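> Supplied in structure tokens, the structure appears directly below.
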Amino acid sequence: MQRAFTPLRHGILRLVVVAALAATGAGAAGAAPLDDAFAAYGRKDYAAAMALARPLADSGDGWAAYLVGRMTDLGEGVIYDDVAAMQWYLKAAAKGVPEAQLAAARLYEMGESILQDFPAAWAWAAVAADQGLDEAAKYRDHIKQFLIGQDANAARANYENWSAFRTTERR
């Protein structure tokens, strides 16, 4: 099933990757394989991006897992699969990648093939916001309106448990 992407959602996700590319100087000659993967993604060479990122993601690289998840979430170079995308986002989120934490929050809120889970959405957005991702802070505040009663307690418990998944490494 192909998700209908709104221009806003697709544009915001593209901005995240463009910002990651700019921050790393990806695409420079002799760059590391992950930088090459992001550069290929920026050129819309999705086959090359996936070929470079997937082995790194399989070996535990958080940023590579985020890129594989993003491509899977958007159906770029692979068949769209939000369940597989969520698996990649969660692997990256556990490595402290704030963009992956925010992406997981969004999938939890939407609840298409993923069970809708507002406490999890709020908690992942809060963890990403703690790392300075401004968009995540806005999203966390947006999700708060959906938390009532025990959901608010569950969200706080998730946040406390997942707060260990922070890093200072930014792309």
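> Might you tell me the accessible area per residue for the stretch 35-87, computed with a 1.4 Å probe and given in Å²? Before the final figure, lay out each step's value.
Numbers: 1940 Å² over 53 residues.
Accessible surface, normalised per residue, equals 37 Å².
> Among the lysines, which fall within straight-line cross-link reach of Lys44, defined as a Cα-Cα distance under 26 Å, with same-chain neighbours fewer than 8 residues apart omitted?
Correct list for Lys44: Lys91, Lys95.
The values are calculated or read from the model by the stated rules, or taken from the named source; none is laboratory data. Remember, it's a predicted structure, so these values are computed and weren't measured experimentally. For the accessible areas, the whole protein counts, side chains as well, though only heavy atoms, and no ligand, DNA or RNA atoms are used. Shrake-Rupley method; radii C 1.70, N 1.55, O 1.52, S 1.80 Å.
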